[in-house]
Amino acid sequence: MKRKGSLIWNILGAMLSIALAVGLVYLFYTDQQEADAQETQLQALQNEASVYEREQRELKSQLEELEENVSYSSETAALMVGFVVTDVSDLSYMETVADTYDFPPVLILDCTLEQSVLEDILDTADDAWEVMLYTPTFSETVNESVLSALSWLETIGREHTGVFLLRSDYTTDSNIQLLKDDGFAGYTSYHSSTPIAGQAEDGTVYFDYPYLTSSGTSVASRIAAMYKNKTSMLIAFDMESINSGSMKESYVTDLMDTMQSYVEQEDCVFSTVADVVTELSEINSTEAANQASYEEQMAEIQARIDELEEIINGIYAQYEG
């Protein structure tokens, strides 16, 4: 009897083991089927969404490209060369340097000089030379000398660049406003880091300048930065410093040679102030037009991107995983 009972328990144990094994196989099978069904569904949803995701990526790429094209800059660096002249005797040196390096010189006149001195200078100077006005300092009181010079130039029918050489220590908003009130279209401005040039929102143009009064002033790196950034810069030589010997003529020659080496490249030129002002105005106008176009296109593209995001989210919301 004991053997018979043991046999029955063995049979029951075997049957239970088989049942458990079958159950486990079934559970594994059903789980696998469910996993396969989820994978199939996910692939189907991904295939459905891929069309919209591809369009979304293309639109985002278009946005990045539009952002890159908003900014517009010149493809040519522009160098202007001027001389701060205080006596008619300075003109011969200025003319010699200009002829040697073949550039249009800028005649920079100090408005605080006696009118008779200014008259002698302009009577002797080449009529083709551009005239830029300047004062060693600047304030409301000094501005009276500027207004007098402007009135005198108008009386004799001599044009000026419309750009005032404003020394860096006096480049303040109030002084710039005074110059705008005087009718100036722009001013020079020295920046301690990278030379810049442009046009403000009110239309005032500005560009960089180093005012050179000694041979120890190194501007080679500044010229290199100007060339790299394809911007504009005025090099202003002080004739009193040259005459006194604090700025050696060899220094002027070396610096002119440096500038000439850049001008020999196709993307750098000796320029007039008038051409630079025109170029900066055109750059500003182009950027403004690009910005307006960009904002309109951006709104349309972004609306479609948002719409596609909703469609894509709706597709993946169907996933039952």
Seminar exercise, completed: By accessible area (1.4 Å), largest first, Leu153, Leu42 order as Leu42, Leu153
Exercise. Which order do Lys228, Lys60, Lys180 take when ranked by solvent-accessible area (1.4 Å probe, heavy atoms of all protein chains), largest first?
Worked result: Lys228, Lys60, Lys180
Exercise. Phe164's amide H: which non-local residues (gap 5+, or another chain) put their own amide H closer than 5 Å, with H modeled 1.01 Å from N in plane and none for Pro or chain starts?
Worked result: Gly186, Tyr187, Thr188
Seminar exercise, completed: Carbon plus sulfur, as percent of the 1.4 Å-probe accessible area of the range 173-225, comes to 46
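Working with all protein chains in place, sort Arg304, Arg54, Arg158 by solvent-accessible area computed with a 1.4 Å probe, largest first.
Arg54, Arg304, Arg158
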Seminar exercise, completed: With every protein chain in place, the accessible area of Asp202 for a 1.4 Å probe, in Å² rounded to the nearest 10, comes to 90
For this session: Express in Å², to the nearest 10, the accessible area of Val276 obtained by rolling a 1.4 Å probe over the protein heavy atoms while all chains stay in place.
Result: 0
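The values are calculated or read from the model by the stated rules, or taken from the named source; none is laboratory data. On a predicted model such as this, the values are computed, not experimentally measured, just so you know. In case anyone asks, the SASA skips ligands and DNA or RNA and just uses the protein heavy atoms, side chains included. Shrake-Rupley method; radii C 1.70, N 1.55, O 1.52, S 1.80 Å.
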